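Scroll down for the structure; my scribbles are underneath it.
The values are calculated or read from the model by the stated rules, or taken from the named source; none is laboratory data. Values in this document were obtained by computation on a predicted structure and should not be read as measured data. A quick note on method: Cβ atoms are made from the backbone with ideal geometry, for glycine too, and the neighbour counts reach across all protein chains shown. Ligands, DNA and RNA are excluded from the accessible area calculation, which covers all protein heavy atoms including side chains. Shrake-Rupley method; radii C 1.70, N 1.55, O 1.52, S 1.80 Å.
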Amino acid sequence: MPPNSTELWQEGAAIESEKVVSNGIFNEDRMRELFLDTPSKYEGCSGSRNLSDNISDLKAQIAANARGITLIQNLIEEYGLETVQMYMYEIQRTAELAVRNLLKDMYHRYGGRPLEALDFMDDGTPIKLTITIDKEGAAVFDFDGTGPEVRGNINAPEAITHSAIIYALRCMIKSDIPLNQGCLSPIDIRIPKPSILSPTGDSAVVGGNVTTSQRVTDVVLKALHACAASQGCLNNLTFGVDAKVDETGKVTPGFGYYETIAGGAGAGDGWVGESGVHVHMTNTRITDPEILEKRYPCVLRRFELRDDTGGAGRNRGGDGVTREIEFLAPVQCSILSERRVHQPYGMEGGGPGSTGLNLWLTADRHTGQERRVNMGGKGSVPMKVGDRVVIMTPGGGGYGSKETAQNGIHCT
């Protein structure tokens with residue numbers, strides 16, 4: 001997760017397609033070549049920091065797939081292939097119908113007018129969306145006007161936009177349906193090529209999955225008038241030490257730690273924004289302090305809510321958090337984040353949430369006094385013993401003006 005990558009090769013192993021198991025045998029030699037040897041041929045790249053973890057992850061995924069195959073085979077043996085396939089198709093048709101009904105409601109609510117939204121990445125790149133819905137519940141999601149691919153890593157492959165759209169639509173459907181491809185059957189997604197949402201093959205993309213995805217989600221929900229912006233970021237913090245290979249080829253494993261950090265959720269017409277939560281596609285839990293401090297050379301100094309960072313309004317946005325970590329050994333520490341420039345917007349008169357801030361606290365080598373250095377939204381610092389990183393995450397936007405709350409008026 002390098003914060004400043006500009007080419008795909010800088011982001012580690014890039015594996016388009018590879019056979020992992022042949023005749024029941026796991027090809028560990030080839031995996032070592034792909035994860036460790038090939039990436040390390042590039043200047044400044046060391047390959048995998050801990051190959052054994054990569055191998056264990058792959059074997060666990062293979063085992064999960066094998067278990068899934070067995071369960072589906074059991075279903076077919078019990079009910080027959082025709083019945084199982086019929087239910088699979090019906091699940092998709094149910095999802096399609098739910099989305100069509102949602103879009104029909106939006107069509108009538110807004111008189112068939114196009115729904116538009118525009119927001120910006122912190123570097124100024126626009127994400128623009130126009131949604132055109134017909135009376136049958138079909139819709140075109142057109143991202144014309146979105147900015148070009150960037151010389152950075154916030155480019156997002158097209159699958160990211162598809163995922164954000166299906167997620168946003170599923171959030172707005174009140175019926176209990178499983179998430180599946182049927183949700184996108186009524187949707188025609190149009191993305192300009194090349195662009196930040198459809199980059200060329202060599203572009204860096206590691207930030208697209210964890211930052212641009214959040215912005216696309218905010219833009220879709222904004223166009224649908226669903227809720228104010230959430231923190232719009234995963235606050236991707238990484239630290240670790242590279243593996244080392246001596247002249248004999250012996251590998252001394254390094255380590256890498258990665259976490260995403262909570263922030264404020266956006267408020268809506270019927271709810272206040274939650275504080276200190278992962279929003280939208282983050283879906284991870286923070287590591288327990290005891291585990292973090294036991295397994296890694298660090299001390300968790302603070303992990304608390306940032307009061308009054310949520311946007312004001314009839315329904316307030318959620319507050320962000322402050323997370324401070326002190327290092328007990330030299331490590332390379334990196335942050336990949338957004339919403340450090342543009343505030344998460346409010347909706348229907350609600351105020352914006354506060355932006356985030358990333359600080360490096362270190363001793364001045366001349367005076368010994370503490371320096372507080374802004375790492376920027378995307379930065380990497382070689383931390384010394386005793387240095388600290390402080391991540392202050394954004395709040396969520398508020399919904400509705402205070403005046404409407406005082407007068408008892410509800411926005412719709």
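Observations
- Test: residue in the stretch 185-202 that is basic (Lys, Arg), assigned to a loop (DSSP other than H, G, I, E, B) and without any contact (Cβ under 8 Å) to a residue 60 or more places away in the chain: yes
- Sub-6 Å Cβ pairs linking a first residue in the stretch 131-154 that is closer than 20 Å to His108 by Cα and at pLDDT 95 or above to a second residue that is in a loop (DSSP other than H, G, I, E, B) and open to solvent by 10 Å² or more (accessible area, probe 1.4 Å), at least 6 apart or interchain, are Thr132/Pro114, ordered by first then second residue.
- Selection status of Gly44, closer than 21 Å to Asn153 by Cα and either charged (D, E, K, R) or buried (at least 16 other Cβ atoms within 10 Å of the Cβ) (or both): no
- Figure legend. Inter-residue proximity from the stretch 54-66: first residues farther than 20 Å from Ala13 by Cβ, second residues of a type outside the set (Lys, Arg), beta-carbon distance below 7 Å, spacing 6+ or different chains. No pairs are indicated.
- Criterion applied to Ser213, Ser230 was being touching a residue at least 40 places away in the same chain (Cβ under 8 Å) and closer than 17 Å to Lys378 by Cα, and the one residue passing it is Ser213.
- When each of Met106, Met1 is tested for being of a type in the set (A, V, I, L, M), in a loop (DSSP other than H, G, I, E, B) and surrounded by 14 or more Cβ atoms within 10 Å (Cβ to Cβ), the lone residue that passes is Met1.
- Qualifying positions in the stretch 139-158 - open to solvent by less than 30 Å² (accessible area, probe 1.4 Å) and more than 23 Å from the chain's Cα centre (by Cα): Ala139
- Residues within the stretch 266-279 that are in a loop (DSSP other than H, G, I, E, B), under 21 Å from Glu324 (Cα atoms) and aliphatic (A, V, I, L, M), tallied: 1
- Filter result for Gln231 (crowded, with 22+ Cβ neighbours inside 10 Å, assigned to a loop (DSSP other than H, G, I, E, B) and at negative phi): yes
- For the stretch 4-41, taking the residues that are in contact (Cβ under 8 Å) with a residue 12 or more places away in the chain and open to solvent by 80 Å² or more (accessible area, probe 1.4 Å), the one that is nearest to the chain's Cα centre (by Cα) is identified as Asn4.
- Any chance Asn54 is closer than 29 Å to Leu237 by Cβ and outside any loop (DSSP other than H, G, I, E, B): yes
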